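For reference, the structure discussed in these notes is given below.
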Amino acid sequence: KRDLSQKSQGNAIKTYKYNPITFLPLNLFEQFKRAANFYFLVLLILQAIPEISTLSWYTTLVPLLLVLGITAVKDLVDDIARHRMDNEVNNRTCDVIKDGRFVSTKWKDIKVGDVVRLKKNTFVPADILLLSSSEPNSLCYVETAELDGETNLKFKMALEVTHRHLQEESALADFDGLVECEEPNNRLDKFTGMLSWRDSLYPLDADKILLRGCKIRNTDFCHGMVIFAGADTKIMRNSGRTRFKRTKIDSLMNYMVYTVTWGFGMALCALQIIVVLILLSAGLAIGHTYWEQQIGNSSWYLYDAQDSSPAYRGFLTFWGYIIVLNTMVPISLYVSVEVIRFGQSYFINWDLQMYYPEKDTAAKARTTTLNEQLGQIQYIFSDKTGTLTQNIMTFKKCCINGQRYGKLCKGGGGGGILIPAGGQVHTSSLSSNGKFLFYDHYLIEQIKAGKEPEIQKFFFLLAICHTVMADTSDGQLHYQAASPDEGALVTAARNFGYVFLSRTQNTITISEMGVQRTYDVLAILDFNSDRKRMSVIVRESGGHIRLYCKGADTVIYERLHPIGLVLSNLSNVFANETLRTLCLCYRDISQDEFEVWNKKFLEASLATSHRDEALDKVYEEIEKNLILLGATAIEDKLQDGVPETISRLSKADIKIWVLTGDKKETAENIGFSCELLTEDTAICYGEDTRQVKKKKKKKLKLKFPRTAEEKKKQSEKRRRAEAYKEQQQKNFVDLACECRAVICCRVTPKQKAMVVELVKKYKKAITLAIGDGANDVNMIKTAHIGVGISGQEGMQAVMSSDYSFGQFRYLQRLLLVHGRWSYIRMCKFLRYFFYKNFAFTLVHIWYSFFNGFSAQTAYEDWFITVYNVLYSSLPVLLVGLFDQDVSDKLSLRFPRLYVLGQRDLLFNYKKFFLSLLHGAVTSLIIFFIPYGAYLVSMGQDGEGPADYQSFAVTAASSLIFVVNFQIGLDTSYWTFVNAFSVFGSIALYFGLTFDFHSAGIHVLFPSVFQFTGAAPNALRQPYLWLTMILTIAICLLPVVAQRFLSMTIWPSESDKVSEIWYLGECGRCLFTGAGGGCPCTWQGWDEMGIKVPSNPSHFGIL
Amino acid sequence: MKNKTSVVPREGEAQPSRCPDNSAFKQQRLPAWKPQLTIGSVLSSFFLTGAFCLTVGVCLVLSANSVREVQIDYSDKCSNCSKLRENSSNWNKECHCSINFTLKEDILGDVFMYYGLQNFYQNHRRYVKSRSDAQLLGRNVNIQRSYCAPFSTYRNGTPMAPCGAIANSMFNDTIDLFYNYNSSVIQVPLLKTGNSWWTDKNVKFRNPESSNLSAAFAGTARPPYWQKPAYLLDEEDERNNGYVNDDFIVWMRVSAFATFRNLYRRLRRVRRFAEGLPAGNYTFRISYNFPVTKFKGRKHVILSTVVWSGGSNPFLGIAYLVSGTAATLAGFVITAIHLKLRKKKTYFQKQ
C-alpha cells in the first residue's frame, strides 16, 4: 500500500540501453550471448594461438566483424533514437499546481501526488487519478494507441464528488485526499485503490485512471493527481525498453516454440555438422600423427627445432583442422536466415491482395521468425464470431412473452417492411436509423397500440440495460458500443420508439414513445465472459426499484423464478437459424432488500484485494428469481469468401477446427453455411464418443468432456485419474483427427487453448489459431502460429498474434502463397547453403591426404575469408527472397501444392544429408580433377604450373563457377536481380582476386597478400581453363540429368502444374476459363488429386 | 470491455492510407524468366557437351603425345654420392657423378630442363609458411617476428638471409648437360634466367638497396644448409644474384604436391642446337648436394618440350574423352527414358 506522503522517484524515464562508455562492452557482451557468435569467438581465440593457428587471423575476424558490426550499428541507431526519444519525452511540459497556481513543469520533474492539468491532444505524463474534467458527467476521452494499439476512443470517468468540487484552481490546490492503492504493476486494465477525502471513502478502479502514454481527446482539459510516476507507471512496468511487453514475451515464446520444431531442426543440423567437424578433425589428426612417424620425422627440411612427439603434433593438428574446417558451419548462415525472414515478412506486409480497403488494414507480420512454418500448417483452429462472421450484428427477431415476431425472410427485401426514419412508430428525428430492416408488421402495431406491458418492458430493457455511450453531433445521435451485440440491441430499441438519449454516472435518459424520462441508475452489474450477463438496477418513476438483466440463455435459465415463464426451446429454434440469442428478464426489488444488498455492494467495490471475485459474489445474490420477458435474436453474417477459403484450405489437407462459444445448433448451422459441413457428411456428436471410438466416422461434433474430467480429478486415486484423463485426451484427439472437420461448441477461452495444446501434444502437428477477440488470445498464444483478425472487438487478439489482417479470406493467401513460398525458399536456401559450404570446405580434407595431414589449406586465406560473405551469398540470398516455383495464382488454384510443406518434403534429414553428400561429391571433383591435371605438368611456356598458388587459384575458380552455376540451376524464378547477382558474384570474385594478387598490394602488405601474380599467371593458361571447364561440366551435368529424370519419372505436383501451365497451350486455355473454345479436355487429373472443375470459370481466384 | 467505444471522429487528422504500393517488386511480380528443363534443352546440353568434350579430349591427347620427354631418375645412379649425403657432417665435401643417355631422335623446338623431386612435402603447412616475404622484398625487417623460426637467426643474433625453411632447403644440385659428338664433348648451352614468373622476378623478390650486393647482405649470414651466401648464388650475372636469382625464385614458389618438377634451365638455341637437341649421346654432369634418401625421396632430371597445353600429362585428355563419352551415352539414355515415359504425360486430350 502506498499513500501520498510517501514520495517515490521522479517521473523521468530511461529507456536507452547504452551510454557512450558502456556501448562497446555491453553490446559485444549481448552479441556474444548468441551461440553462433560465441562459437566464432572461440574459433578466433583458437586462431590466436600460434601453435595451432592454421588460418590467418583475418579469415574469421573479417566475417565476424562484419556480422558484429552490422548488428552493432543497428543497435547503435536504435539506441540513439531511444536517447532522443527519452530526452524529448522527459522535457515535455505540463501544468502542475505549485504554490496554489498551475505552473508549466517538465515531465521529468513531476512527482507522485502532484495535481496536474492536462489539455486536449496532449499525452498523459504519468499514471494519473482523474479528478475532474471540463466535460459534463466528468467524462474524459482518451486514445490508447500507444498502449495497446487500439485507435478508438475510450472514456474515463472521474468520481462525481471530486468532479463537482475540484473544478477551480484554488480548490485543486487545497485538495488533500489520500489515495491507498496497489503496488505498481503491469496490468493495463486493472487498478484497485481507495480515495479517502473529507472523511469518506471512495472506491477507485481502472476507469478513473489515466495511464501514461494515453492521449487526451475531445476533452478541453482535465485535472488529475499523479499516482505512479516514471518507472512505476504501467506502461514502463510493461517493458523497460519497448512499449509492448506482451508482444515481446509472445515473440520470445514463439521463438522457443520455433526452436523446438523447425529451427531446432536447423540448429540440430548445425550441431551435427559440428560433430562431423570434430570427428573429421580427429581422424585427420590421427592421420597426421601417423604421417609424422612415417615420413615427417625423417624429413630434414621440416625441422622446426621443437622436439615434439608425433602424438603431440597430431593433437595440435586436431585444433588446426577445427579451425580450417570451421567454414562447414558458416558464420553468415544465421544472419542470412534472418535477412530472408525479414524480407518475407515485408512481402506479407506489402501484399496488396491482403489489404482490406474498407478498414484500411494491410496484413502485418508481427513476428518475423515464423514465415516458413506458414507453409507447414496441418491444423487450423478458428474462432467463429468475428473471424468467420463479420461481427456486424443486426436485430432480426424477438420473442416476447412467448410470442415470436420477425419472419424468416431470406429472399431479400421483398416481403419485409423497412422501418424508415421516424417511421410509423413515432416521429422524432432522434430515432432515425435509415438502414434498419425488420420483417414483421404485427409487432409494430402492437407497440403502437401500447396494450402489452411485456412488449413495453421488453424494449425499455433494451434501451436501459447496456453500457453504450451516446453522443450528439450535428444534431444526430450516435451510439458508441463496446460490443456489436449491444449496439444492435440499443439501435433496435431506438427504432421501435425507445430511444436511449444520454447517460450520466447515475442516470439514464430515454425517450419512451416520444416521452423523455430520466431514471436513476442505482447500480450497473457489469458484463464479463464468465458471468455472460449484465444487469442494471433502476428506480422507476413510481419509486419502486427494478433490476433488468440480459444474458445468455443458459445462465438466465438457472436464475429464473420457479413460477416464471419458460420459453421452452425457443432459443434453440433461433439457434438453428444461426442467430445469436439473448434472454431478457427483470425482477422487482423491495427498498429494504436493495438497501441491504447495496451495502454489501459498496463494501465489495471498496475491497482492495480480490475485488472482482467479491463483486461477482454480490451480483449473484441479487440476480435471482428473475422473470423472463423474452429473447432477442441477432444475426451475424458470414464474411466474404469464407466458404471458398475453407474448401480451398481443406483441399490443401489442412484440417479446420472451429472453436466457438455458441450453442451446438448454432455451431452446426454455421458449419453448414461456411461449407465446413456438407449435406453428405456424417456428423457424430461428442456426447456419444465412446460408441464412435471403434467405428470410423467421417465427421464429428464434440462437446468437450469437461465435467467428466473434473469429476475424475476430484477422485482420490489421482494417478489413475491422470492416466485416465490422458487416455481420454488421446482418444479425443485420435477421434477428432479422424474427422475432416471438427466443431467444438460451448468452449471457454481456456478450453480453446487446451484443445490446441492437446493437438500439439498428441499429434506433433503444426497448428495455427485464428481469432479476433480477447477470448481467442489464449488460443493464439498456444498455437505455433497465431493469427489475429483486426475486427470489431479491439486489438487484443492482434496484439498477441504473429500475423494479422482484416478478413478471414486472406488466410488462404497467407498460407497457400506466402507460407508455401517462404517454406520453399527457406528450404532451398538451407539446402544450398549447406551444400556450398561442404563443397567449399571438404576440399581441404582431400588435400590433406597429399600434404601430410598438416592442415594446409587448399585455398588462399583471403578466399576463405570472403567466400561466404561476398562470392556465394548474394545469389542464394536472393533465391531465399524471391524464388517462386509456381506463381501465386497457381498455388491458390492447386491447393494440393501445399502438401509438400506439411510432409516436410523439402528439408528433412534425408534432404539434409543429400545436400551434404552433393557438397562432398562436388568437393571431390573440384579437388581431384585439378589434382590429376597438375600432377606432372608444365605450363605452356615451360614454367612449372604445379605450384601451390596456381593450384589454389584453379580450385577456387572452379568452385566459384560451380556453386554459382548451381544456384543458377536451383533458381526457378530468374529476375534481373538474380542474373545480376550470379554473374556479379563471379565477376566480383575475379575482380577481387586480381586485386588481392596484384603487385601493389603485396608491396604494401607483403606478409598478408602473398599470392602476387598467381591469378594472372594461372588464368592465362588454356590448360587450366580446360581443367576448370571439365570440373564445372562434371559437377553440373549429373545434376541436370538427375533433375530432368526425377521430373520425368517421379514428377512432383508443382512440376506437373508448372509444366502444364508453361508448356501446354490447351492447359493454359482450360485454366484461364476462356470457355469451350479449348482444343482439348481434361484427362488424368485425378491421379494428381486435383478435382477437375466442371466449369473452370468457377475455379477463379477471389 | 466496458469503456470501449467505437470511433469518434477525429479532429482534423487525415490519416495516410496504409494501402501498400502496387509496385512489381512489392507485389513479387518482377518480370522473370522461369527456366524449365525441357527435353530439348537437356538433350542439346548433353550432346553438345559430349561433342565438345570429345573434341577437346582428342586435341589434348594428340598434343600431349607430341611432347618429347626424357626423364632420368638419378637418386640411385649416383649411389656413392647419395650415401655421402646421408651423413650431414659431409656437407662441404664435393661429390660429382655423370649420367649418360642417348637420344634416338632429335628433340626439336624449345627444350626445357627440369629437376623433379618425389616425396618432398613442399606443401606441408609448417614448411609453406616458413618464409618472410618482407625480407625477400629487400626490406630490413625483424625476421624474429616472421614465421621463419627456427631458421631466422643464429644463436649469436645474426639474421639468416634469406630466412625460413623453404629457403634453407633450397635445391642445390648443379646439373650440366654435355653432348658427345664424335668423341668430342660439347657443353650444351643452357639459359639460367627467364625461368620464373615476371611478377616474382620484378615484384616479389628484390635485393636490399646498397652499392654492391655483398654490402647489401652485410650483417646477415647464409642459411645453415647453404654452401654459400645469397650474394654468391650467381657470381656471373648481377641481375641473377641474391634474392633475384632465378633458381632461388623458382624454389621459393612451393609446389602443390609432394611430387613436382621445377624448371631449371632452358636450351639456348644457338649453333648446333638452333633446332633443338640433335639425336646422339649425352651426359648429365651432376654436382650432387641435395640429400633425398633420408626421407625416401627421389630426384629426377627431365628434358622436355612443351606444347600449347603444357607438358606430357595425359590425364586431362583422357578425362575429357571419358566425360565426353559419358555425356553422350547419358544423352541417349535420357532420350530412351523420355520416349518411354512420354505417353504417360498427357494430362489433357486433344479433341
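Filtered by the rule that a residue be within 30 Å of A:Lys532 (Cα to Cα) and either open to solvent by 40 Å² or more (accessible area, probe 1.4 Å) or of a type in the set (D, E, K, R) (or both), the range A:441-471 gives A:Glu452, A:Pro453, A:Glu454, A:Gln456, A:Lys457, A:Asp471.
Restricted to the range A:301-317, and to residues that are among the hydrophobic types (A, V, I, L, M, F, W, C) and open to solvent by 40 Å² or more (accessible area, probe 1.4 Å), which residue is nearest to the other protein chains (Cβ to nearest Cβ)?
Pass one, the range A:301-317, residues among the hydrophobic types (A, V, I, L, M, F, W, C): A:302, A:305, A:311, A:315-316.
Cutting the leftovers down to open to solvent by 40 Å² or more (accessible area, probe 1.4 Å) gives us A:305, A:311, A:315.
Working: A:Ala305: 3, A:Ala311: 16, A:Phe315: 15 Å.
Of everything passing the filter in the range A:301-317, A:Ala305 is nearest to the other protein chains (Cβ to nearest Cβ).
Yes/no matrix, rows are residues, columns are (1) more than 7 Å from chain A (Cβ to nearest Cβ); (2) within 27 Å of B:Leu177 (Cβ to Cβ); (3) surrounded by fewer than 17 Cβ atoms within 10 Å (Cβ to Cβ):
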{"site": "B:Arg272", "(1), (2), (3)": "yes, yes, yes"}
{"site": "B:Lys299", "(1), (2), (3)": "yes, yes, no"}
{"site": "B:Thr305", "(1), (2), (3)": "yes, yes, no"}
{"site": "B:Gly310", "(1), (2), (3)": "no, yes, no"}
{"site": "B:Ala327", "(1), (2), (3)": "no, no, no"}
{"site": "B:Leu339", "(1), (2), (3)": "yes, no, yes"}
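Of the residues making up the range B:185-201, just one is open to solvent by 50 Å² or more (accessible area, probe 1.4 Å) and among the polar types (S, T, N, Q), namely B:Gln187. Among all residues of the range A:155-178, there is none that is touching a Phe, Trp or Tyr at 6+ places or on another chain (Cβ under 8 Å) and within 30 Å of A:Lys17 (Cα to Cα).
Go through the range A:349-371 and give me each residue that's facing chain B (nearest Cβ under 10 Å) and open to solvent by less than 10 Å² (accessible area, probe 1.4 Å). Hits for the range A:349-371 are A:Asp351, A:Met354, A:Ala363. Before we move on, is B:Ala167 modelled with pLDDT under 85, within 12 Å of chain A (Cβ to nearest Cβ) and under 16 Å from A:Trp300 (Cα atoms)? For B:Ala167, the condition - modelled with pLDDT under 85, within 12 Å of chain A (Cβ to nearest Cβ) and under 16 Å from A:Trp300 (Cα atoms) - is not met.
Counting only residues that are at pLDDT below 90 and in a helix (DSSP H, G or I), which one in the range A:917-935 is nearest to B:Val254 (Cα to Cα)?
By that ranking, first place goes to A:Tyr934.
Going by what's in this entry, would A:Gly193 be described as open to solvent by less than 10 Å² (accessible area, probe 1.4 Å), out of contact with any helix residue (DSSP H, G or I) (no Cβ under 7 Å at 6 or more places or on another chain) and among the small types (Gly, Ala, Ser)? Yes, satisfied. Given the options A:Cys745, A:Cys739, name the one that is over 26 Å from A:Gly901 (Cα atoms) and either open to solvent by less than 10 Å² (accessible area, probe 1.4 Å) or among the aromatic types (Phe, Trp, Tyr) (or both). Exactly one residue qualifies, and that residue is A:Cys745.
Which one is modelled with the lowest pLDDT among residues in the range A:489-508 that are of a type in the set (Ser, Thr, Tyr) and over 29 Å from A:Lys617 (Cα atoms)? Can you show your working first?
Keep residues of the range A:489-508 that are of a type in the set (Ser, Thr, Tyr), which gives A:491, A:498, A:502, A:504, A:507.
Imposing the further condition that a residue be over 29 Å from A:Lys617 (Cα atoms) reduces the set to A:491, A:498, A:502.
Values: A:Thr491: 85, A:Tyr498: 85, A:Ser502: 82.
In this case the residue turns out to be A:Ser502.
Of the residues making up the range B:312-325, those that are at the interface with chain A (Cβ under 9 Å from one of its Cβ atoms) and not in a helix (DSSP H, G or I) are B:Ser312, B:Asn313.
From the list A:Arg84, A:Arg117, pick out the single residue that is open to solvent by 30 Å² or more (accessible area, probe 1.4 Å) and within 19 Å of A:Asp207 (Cα to Cα).
A:Arg117
Yes/no per residue for (1) at pLDDT below 90; (2) open to solvent by less than 20 Å² (accessible area, probe 1.4 Å):
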{"residue": "B:Asp246", "(1), (2)": "no, yes"}
{"residue": "B:Arg265", "(1), (2)": "no, no"}
{"residue": "B:Tyr288", "(1), (2)": "yes, yes"}
{"residue": "B:Phe295", "(1), (2)": "yes, yes"}
{"residue": "B:Pro314", "(1), (2)": "yes, no"}
{"residue": "B:Gly317", "(1), (2)": "no, yes"}
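Consider the range A:943-971 and keep the residues that are surrounded by 21 or more Cβ atoms within 10 Å (Cβ to Cβ) and in contact with an Asp or Glu (Cβ under 9 Å, 6 or more places away or on another chain). The one that is farthest from the other protein chains (Cβ to nearest Cβ) is A:Ala956. Just one residue in the set A:Lys599, A:Lys617, A:Lys651 is surrounded by 17 or more Cβ atoms within 10 Å (Cβ to Cβ), among the charged types (D, E, K, R) and at pLDDT 85 or above; that residue is A:Lys651.
If you go through the range A:770-817 and pick out every residue that is open to solvent by less than 10 Å² (accessible area, probe 1.4 Å) and of a type in the set (D, E, K, R), you end up with 3. If you go through the range A:900-933 and keep only what is of a type in the set (Gly, Ala, Ser) and within 14 Å of another protein chain (Cβ to nearest Cβ), you end up with A:Gly932, A:Ala933.
The number of residues in the range A:517-545 being within 14 Å of chain B (Cβ to nearest Cβ), open to solvent by 30 Å² or more (accessible area, probe 1.4 Å) and small (Gly, Ala, Ser) comes to 1. From the list B:Arg131, B:Arg155, the one residue that fits, being open to solvent by 20 Å² or more (accessible area, probe 1.4 Å), within 12 Å of chain A (Cβ to nearest Cβ) and in contact with a helix residue (DSSP H, G or I) (Cβ under 6 Å, 6 or more places away or on another chain), is B:Arg131.
Report, by residue number, each residue of the range B:202-219 that is open to solvent by 50 Å² or more (accessible area, probe 1.4 Å) and over 26 Å from the mean Cα position of the chain (by Cα). Before the answer, list the steps.
Taking the range B:202-219 and keeping what is open to solvent by 50 Å² or more (accessible area, probe 1.4 Å), we get B:202, B:206, B:209-212, B:214, B:218-219.
Across the range B:202-219, the qualifying residues are B:Glu209, B:Ser210, B:Ser211, B:Asn212, B:Ser214, B:Ala218, B:Gly219.
Taking residues in the range A:1009-1021 that are within 14 Å of A:Glu943 (Cα to Cα) and at the interface with another protein chain (Cβ under 7 Å from one of its Cβ atoms), and partners anywhere that are open to solvent by 20 Å² or more (accessible area, probe 1.4 Å) and among the charged types (D, E, K, R), the pairs with Cβ atoms closer than 9 Å and at least 6 places apart or on different chains are A:Asn1017/A:Glu943. Per the listing B:Val250, B:Val185, the residue uniquely outside any loop (DSSP other than H, G, I, E, B) and within 14 Å of another protein chain (Cβ to nearest Cβ) is B:Val250. Screening A:Tyr321 on (1) open to solvent by less than 10 Å² (accessible area, probe 1.4 Å); (2) hydroxyl-bearing (Ser, Thr, Tyr); (3) in contact with a Lys or Arg (Cβ under 8 Å, 6 or more places away or on another chain) shows it passes everything except condition (3).
Annotation note: of B:Ala51, B:Ala32, the sole residue that is touching a residue at least 12 places away in the same chain (Cβ under 8 Å) and within 14 Å of chain A (Cβ to nearest Cβ) is B:Ala51.
Taken together, the residues in the range A:820-841 that are more than 14 Å from every other protein chain (Cβ to nearest Cβ) and open to solvent by less than 10 Å² (accessible area, probe 1.4 Å) amount to 14. Residues that are touching a residue at least 60 places away in the same chain (Cβ under 8 Å) and under 14 Å from A:Tyr202 (Cβ atoms) within the range A:603-622 comprise A:Ser605, A:Leu606, A:Ala607, A:Thr608, A:Arg611, listed in sequence order. If the condition is being under 23 Å from A:Tyr859 (Cα atoms) and open to solvent by 10 Å² or more (accessible area, probe 1.4 Å), then the range A:287-300 contributes A:Gly287, A:Trp291.
The values are calculated or read from the model by the stated rules, or taken from the named source; none is laboratory data. From a predicted model like this one, the values you see are computed outputs, not experimental measurements. Because the Cβ atoms are built from the backbone with ideal geometry, glycine has one as well, and the counts that use them run over all protein chains shown. Side chains are part of the model used for accessible areas, which takes the heavy atoms of the whole protein and leaves out ligands, DNA and RNA. Shrake-Rupley method; radii C 1.70, N 1.55, O 1.52, S 1.80 Å.
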